[in-house]
1. Peptides 76-86, 51-61: what's the order by average Cβ count within 10 Å, highest mean first?
2. Taking every pair of alpha-carbon atoms in the range 102-172, what share in percent sits in each 10 Å bin, from 0 to the bin with the longest distance?
3. Residue 59 to residue 105: extension gain in nm, 0.36 nm per residue of separation minus the Cα-Cα distance?
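Each reported figure results from applying straightforward, stated rules to the coordinates on display, with no laboratory input. Keep in mind that this is a model prediction, so the values were computed, not measured. Don't worry about glycine lacking a Cβ; one is built from the backbone with ideal geometry, like all the others, and counts go over all protein chains shown.
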Amino acid sequence: MTAKHVLNVIAVRRGILIPSVVLCIHLLALAGCETPIIYQSSQDREALAASISKEPPGNYCIGRRFYKVDYKMWGWVRKPGEPWKASQLVMFNEQKKLAPDREQKQIGSDNNNEYRLNGYFSGEKVYEPASDRFYPEFVLTGAKVISTNAPLIFPDQRWIDPKIRLIGPPQY
């Protein structure tokens, strides 16, 4: 049932006929209230490339928190100097160190933050029931915030919306 049909049914029940032109104007006004989509820009890609090129080699990882309401994975993890498209979506093993948001008792509050992570891949896979997939286990031993306003690593900002059940790898 379309919005036009619903409004016409209401109008007929009340004995009022709404002209199609007026109805279209109202529907267009409502459509204009939608939040605009912010796409990854060429400046974002340049900023990503510049920040990655400045990362010193070492025994650490770079992580991007990827909070989704319905899922329990932590986020994307990559080695320093590698592009985000080479990263892995991981589950944290927090037996040695709690994830930063869990430590603060504010789950998901650090969505899209970038971290310097200390730890290691255990070689195990962990099942995540909501996505019905297995993810690599990363044993966290330390985390330090690099950025709370990092450039997008996805095509647009909808990918980082916690309510949208979109899980896809970073594109850049």
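1. On the way: 76-86: 16.3, 51-61: 12.6.
Packing order, densest peptide first, comes out as 76-86, 51-61.
2. 16, 39, 44, 1
3. Working: separation 46, 0.36 × 46 = 16.56 nm, distance 2.82 nm.
Value of the extension gain: 13.7 nm.
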